[in-house]
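Here the structure comes first, spelled out in structure tokens, and everything after it is commentary.
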Amino acid sequence: MFQTLYSYFWWERLWLPANLTWADLEDRDGRVYAKASDLYITLPLAFLFLVVRHLFETYVATPLAGLLNVKEKVRLKATPNAVLEKFYSATTKHPKQADVEMLSKKSGCTVRQVERWFRRRRNQDRPSLLKKFREASWRFTFYLIAFIAGMAVIVDKPWFYDLREVWKGYPIQSMLPSQYWYYMIELSFYWSLLFSIASDVKRKDFKEQIIHHVATIILISFSWFANYIRAGTLIMALHDSSDYLLESAKMFNYAGWRNTCNNIFIVFAAVFIITRLVILPFWIMHCTVFYPLDLYPAFFGYYFFNFMMVVLQSLHIFWAYLIIRMAQKFITGKVVEDERSDREETDNSEEEEEAAKNGPLSNGHPVLNNNHRKTD
């Protein structure tokens, strides 16, 4: 049964144009071709990436955070309460008003105390500023190196300047060592992102991130199987061209360098929109949809590859919407924040209570107002 499934999966009509077989892609005369077995190395490399990331975050990102004066906010911890903790863990982190009143009776706390407890408890679960900075630093480093390496791989190739060269001689296109390592490193990195997504900073687009990582892994792997390597290298370099800008903007945001963050964000938004909403659909996808049909009839691999490209493009449109929302806030003078992030909650009710008792507070202490003028 396993052998039958294996033969169906690797049926040549799924992966290759008509009249071509896997025998046509066997190494010969010093020419090396992509093979599915090449991708086995990406799984151990992915775990190696996780180890390197841990070392980087510990010995590079953490000292860098100290140099940039990344400061944590003081978070008030929720008082241990078995009733509230059980509801928080088993039911919901955001109770409705009726739930708050019910929990107030069960726990013996006032309604305000229950609301405050849930705010503090949610804040405890939010990732720290240092964790966010370390994660952004790691991704910035990888994306920057990957973009430079990707450009080095493709900038001297004829298909970088003429997209019709992507399909010249397809699928009998031999693989270069630089293409091999570019693919293996990119695919390994995205495997590592998928493995660590549960422990990484969880944002509002968590589901979209999973879809993106899975779609990217499938697209990279499939393009390797079907020898879409030239198109694949162009797509990967195009994506890396804006990602490192976003991560650097996050780093400066966490460090409190607002002007630098906002300026980098403007550059990132421009690069993202140009590369993901203009170049990718109107150049790259045009290349993968129309040019191959001049050489061979459409087959399953052609449809599948372009379907996965549409999935990625849909995610790009979604993220472009978030970027435009942030750009609007920037233009109107508001602080630019990551629309995907879960914002820190404050104990407003507690501050109001203290203010009512002691007057306005400054850093937790009453502000004395003796009605003196500055000149006094």
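The values are calculated or read from the model by the stated rules, or taken from the named source; none is laboratory data. The structure displayed is predicted, hence computed values, not measured ones. Cβ placement follows ideal geometry from the backbone for every residue including glycine, while neighbour counts extend to all protein chains displayed. Side chains are part of the model used for accessible areas, which takes the heavy atoms of the whole protein and leaves out ligands, DNA and RNA. Shrake-Rupley method; radii C 1.70, N 1.55, O 1.52, S 1.80 Å.
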Quiz item: For the chain, what is the mean residue ellipticity at 222 nm derived from helices alone (per DSSP H run of n ≥ 4: -39500 (n - 2.57); sum divided by total residues; nearest 500 deg cm²/dmol)?
Solution: -19500 deg cm²/dmol
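How big is the Kirkwood radius of the chain, worked out from every pair of different alpha carbons and given in Å to one decimal? The partial results should precede the final answer.
Details: mean 1/r = 0.0409 Å⁻¹.
Over the chain, the inverse of the mean reciprocal pair distance is 24.5 Å.
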Quiz prompt | At 1.002 mPa s and 20 °C, Stokes D of the range 53-155 from Kirkwood alpha-carbon radius, µm² per second | solution = 127 µm²/s
Quiz item: In whole percent, what relative contact order does the chain give with Cα contacts below 8 Å and a gap of six or more residues?
Solution: 23 percent
Practice problem: Under a 10 Å cutoff between Cα atoms, tell me which one of Thr275, Thr110, Thr260 has the largest fluctuation in the Gaussian network model of the chain. | Solution: Thr110
Quiz item: How large, in percent, is the carbon and sulfur part of the accessible surface of the chain at a probe radius of 1.4 Å?
Solution: 63 percent
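Rolling a 1.4 Å sphere over the protein heavy atoms, what is the accessible area per residue of the chain, to the nearest Å²?
Per residue, the chain has an accessible area of 55 Å².
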Self-check item: Rounded to 10°, Cα long-axis angle of helix 129-154 versus longest principal axis of the chain
Solution: 20 degrees
Self-check item: Most mobile of Val74, Val267, Val166 in a GNM of the chain (Cα contacts under 10 Å)
Solution: Val74
Quiz item: How long, wide and thick is the range 82-125, going by the Cα atoms along their three principal axes, in whole angstroms, largest first?
Solution: 25, 19, 19
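Just to confirm a number: summing +1 for Lys and Arg and -1 for Asp and Glu over residues other than Lys35 whose beta-carbon lies under 10 angstrom from that of Lys35, what do you get?
-3
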Practice problem: First select every other residue whose beta carbon is under 14 angstrom from the beta carbon of Ser104; then total the charges, Lys and Arg +1, Asp and Glu -1. | Solution: +2
Quiz item: Computed from the mean reciprocal separation of all distinct C-alpha pairs, what Kirkwood hydrodynamic radius does the range 96-185 have, in Å?
Solution: 18.6 Å
Exercise. Note the angle between two axes, namely the Cα long axis of helix 300-331 and the longest principal axis of the Cα atoms of the chain, as a number of degrees from 0 to 90, rounded to the nearest 10.
Key: 30 degrees
